[in-house]
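The values are calculated or read from the model by the stated rules, or taken from the named source; none is laboratory data. Keep in mind it's a predicted model, so treat the numbers as computed, not measured. Quick reminder, even Gly has a Cβ in these numbers, built from the backbone with ideal geometry, and neighbours come from all protein chains shown. Note: areas computed on protein heavy atoms with side chains; ligands, DNA, RNA excluded. Shrake-Rupley method; radii C 1.70, N 1.55, O 1.52, S 1.80 Å.
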Amino acid sequence: MSPLAYTLYGFALVFFVFWCGKWLVHLMAITYGKWKLHRKTNLQPRETPPAPVSILKPLMGVDPNLSTNLETFFTMNYPAYELLFCIEDTHDPAIPLVEQLMAKYPAVEARIFTGGTRVGVNPKINNMYPGFVAARHELILISDSGIRMKEDTLLDMVDHMVDGVGLVHQMPFTCDREGFAATFEKIYFGTVQARIYLCADLLGIVCHTGMSCLVRRHILEEVGGLAHFGRYLAEDFFIAKAVTDAGWRLTVSSQPAWQNSGVCDIGSFQARLTRWAKLRVAMVPTTILLEPLSECLVVGAFASWAASVLFRWDSLVFYLVHILVWFLCDWLLLSIVQNGSLPFSKIDFVVGWIFRECTGPYLFFHALWNPAIRWRTRVFKLAWGGVAQELPLEKAKFVTA
């Protein structure tokens, strides 16, 4: 056999082994998700009450679901917690909304912090910093504005904060909402994101999103407090890294993070996906190669070629079977994460799944083409390692991503 043939066989073997590894990831996510998620929380009074919690809620603006989302934090079944609402703009319309809820639930300890403190380029860190400084408890929950809580969500997270665990985070998911954009979001978070998240938690790999996470305050204080993470846009990744570097473990709680933003459209969600891809590339450069190869249509194409080279199998039949089984695994995993009937039809799932799989590679390469990151009205440039620099307005206006 010629050297070229050996080379082709070598590449084919690598792609086929990688493809087999992707099916192992599917199997682990489905099995671990079934075991890990949606465990029933014991709400009965306990001999030793759970530790009190300080909840940081960074807010900016008002969307149609903000009031109902925030109200769920006032009605949680938990003995002792404080709500620290952090609002940068003193004229933000979220302030009177929060004040109305504070008047409606006077028994819940809640305070408002306005103005923020600039400790870095990260707007979220700057906004939360005054609340963090004023927090009274060791356990700190960082919760984004679009998160909706169930009665027992906080108790479920604290129950996971056992000895040796320094950070408990929720796997991102979405509440049931109407429209194709909502279907698309639920499919993404219940398949692609859930598969990565569950496997990472099972294997002890750092894979953490900061939309809802509970952390021990003293761990943050040891590295300089919340201000230490102001230099990064992906503060959640570096908070998790600081926790693991200090010798503590991370774990996912049994309840997903119920995202319930009142703004739900394809364009804004794809912008979020593109922004996250840019952050991943800057922090973990191997993402440039591994992430596109992990897409169903891409890895299936390479595996089909490999199967034809190694085993003389029909590549088209192999590819079609690959897509069908991947589709069925995603349906099963989404059903496990949903923990009930899905709020859309099977036809809607087929259309949403195909749209996600076809647009995923495009969004990733689009992120590589334009690495600058737009966050609300600001634009940032990332250096390798994740350190961010805000671009001046005269440069930012030319950035369209």
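What is the spread of the Cα atoms of the range 186-241 along each of their three principal axes, largest first, in whole Å?
Projected onto the principal axes, the Cα atoms of the range 186-241 cover 37, 22, 16 Å.
Label-point separation (nm) for residue 47 and residue 31, each offset 7 Å from Cα along Cα-to-Cβ?
With each label point 7 Å from Cα toward Cβ, the separation is 3.6 nm.
Taking each full run of DSSP H in the chain as one helix, which ones are at least 24 Å long along their axis (Cα atoms) and have mean Kyte-Doolittle hydropathy of at least -1.0? Don't skip to the end; give the middle numbers.
Values: long enough: 3-36 (49 Å, 0.92); 266-283 (26 Å, 0.15); 315-338 (34 Å, 1.90); 346-369 (35 Å, 0.65).
Membrane-span-like by this criterion, though nothing is claimed about a membrane: 3-36, 266-283, 315-338, 346-369.
Would you mind counting up the charge near residue 22? Only other residues with Cβ under 13 Å from its Cβ, with Lys and Arg at +1 and Asp and Glu at -1. The partial results should precede the final answer.
Details: positive: 195; negative: 291, 295, 330.
Summing Lys and Arg as +1 and Asp and Glu as -1 gives -2.
Using the structure shown, list the pairs from 22/186; 36/186; 36/104; 57/150 with a Cα-Cα distance above 24 Å, or answer none.
Details: 22/186 21 Å; 36/186 19 Å; 36/104 36 Å; 57/150 16 Å.
The answer is 36/104.
If we count every other residue with Cβ under 10 angstrom of residue 349's Cβ, Lys/Arg +1 and Asp/Glu -1, where does the sum land? Provide the component values of the computation, followed by the final result.
Working: positive: 186, 346; negative: 330, 348.
Its environment carries a net charge of 0.
What is the extension gain from residue 133 to residue 288, computed as 0.36 nm multiplied by their sequence separation minus the C-alpha to C-alpha distance, in nm to one decimal? Walk me through the numbers on the way to the answer.
Values: separation 155, 0.36 × 155 = 55.80 nm, distance 3.77 nm.
In short, 52.0 nm is gained.
Could you tell me the calculated FRET efficiency between residue 75 and residue 315, based on Cβ-Cβ distance and R0 = 56 angstrom, to the nearest 0.05?
Working: r = 56 Å, r/R0 = 1.00.
Working from the Cβ atoms, E equals 0.50.
Please state, as a whole number in µm²/s, the translational diffusion coefficient that the Stokes-Einstein equation yields for the range 1-140 at 4 °C and 1.567 mPa s, with Rh defined as the Kirkwood radius across alpha carbon pairs.
Numbers: Rh = 19.4 Å.
The calculation lands on 67 µm²/s.
Could you grab the relative contact order for the chain? Cα pairs under 8 Å, six or more apart, rounded to a whole percent.
Values: 641 pairs, mean separation 83.4, N = 401.
Relative contact order comes out at 21 percent.
With both partners inside the chain, how many of the DSSP beta bridges are antiparallel, as a percent to the nearest 5? Please list the in-between numbers first.
Numbers: 17 of 41 bridges.
Of those bridges, close to 40 percent are antiparallel.
Using the Kirkwood formula over every pair of different C-alpha atoms, what hydrodynamic radius in Å results for the range 202-302?
Numbers: mean 1/r = 0.0625 Å⁻¹.
Radius from the Kirkwood sum: 16.0 Å.
If packing is taken as the average number of other Cβ atoms within 10 Å across a peptide's residues, how do 40-50, 122-132, 85-95 rank, most packed first?
Values: 40-50: 9.9, 122-132: 23.6, 85-95: 17.3.
Most protected by this proxy first, the peptides run 122-132, 85-95, 40-50.
Within a Cβ distance under 11 Å of residue 360, other residues only, what is the Lys/Arg minus Asp/Glu net charge?
Details: positive: 356; negative: 291, 295, 357.
Result for the neighbourhood of residue 360: -2.
What does the highest-first list of 247-253, 157-163, 302-308, 282-288 look like by mean Cβ count within 10 Å? Intermediate values should be presented prior to the final figure.
On the way: 247-253: 18.6, 157-163: 17.0, 302-308: 20.4, 282-288: 15.3.
Ranking the peptides 247-253, 157-163, 302-308, 282-288 by packing returns 302-308, 247-253, 157-163, 282-288.
Name the residues whose placed amide hydrogens come within less than 5 Å of the amide hydrogen of residue 113, ignoring near sequence neighbours (fewer than 5 apart) on the same chain.
85, 86, 87
Applying 1/(1 + (r/R0)^6) with R0 = 35 Å to the Cβ-Cβ distance of residue 348 and residue 62, what FRET efficiency is obtained, to the nearest 0.05? Before the final figure, lay out the partial values.
Details: r = 29 Å, r/R0 = 0.84.
Calculated value: 0.75.
May I ask for the equivalent-ellipsoid semi-axes of the range 1-63, computed as the square root of five times each C-alpha gyration tensor eigenvalue and listed largest first in whole Å? Kindly include the intermediate steps, with their values, before the conclusion.
Working: eigenvalues 529, 87, 23 Å².
After scaling each eigenvalue by five and taking roots: 51, 21, 11 Å.
Treating the range 310-376 as a set of equal point scatterers at the Cα positions, no solvent, please give the Debye-formula log₁₀ I(q)/I(0) at q = 0.23 Å⁻¹.
-1.01
Assuming 1.002 mPa s and 20 °C, estimate D for the chain with Stokes-Einstein, Rh taken as the Kirkwood radius over Cα pairs, in µm²/s.
Working: Rh = 22.6 Å.
It diffuses with D of about 95 µm²/s by this estimate.
Counting residues in the range 82-212 as N, plug N into 2.2 N^0.38 Å and put the Cα Rg over that result.
Numbers: Rg = 16.9 Å, N = 131, 2.2 N^0.38 = 14.0 Å.
Its radius of gyration relative to the 2.2 N^0.38 Å reference: 1.20.
Where in the range 232-272 is the amide nitrogen less than 19 Å from a point lying 7 Å along the Cα-to-Cβ axis of residue 205?
The answer is 236-245, 249-253, whose backbone nitrogens lie closer than 19 Å to the label point.
Distance in nm between label sites at residue 99 and residue 266, each 7 Å beyond Cα in the beta-carbon direction?
4.2 nm
Give me the orientation-averaged projected area of the Cα convex hull of the range 60-111, in nm², one decimal. Let's see the in-between values first.
On the way: hull surface 14.0 nm².
The orientation-averaged projected area of the Cα hull of the range 60-111 comes to 3.5 nm².
So, in nm, how far is label residue 359 from label residue 91 when the simple model puts each one 7 Å beyond its Cα toward the Cβ?
Placing both labels 7 Å beyond Cα along the Cβ direction yields 3.5 nm.
If I ignore ligands, DNA and RNA and count only protein heavy atoms, how much of residue 222 is accessible to a 1.4 Å probe, in Å² to the nearest 10?
Rounded to the nearest 10, that gives 130 Å².
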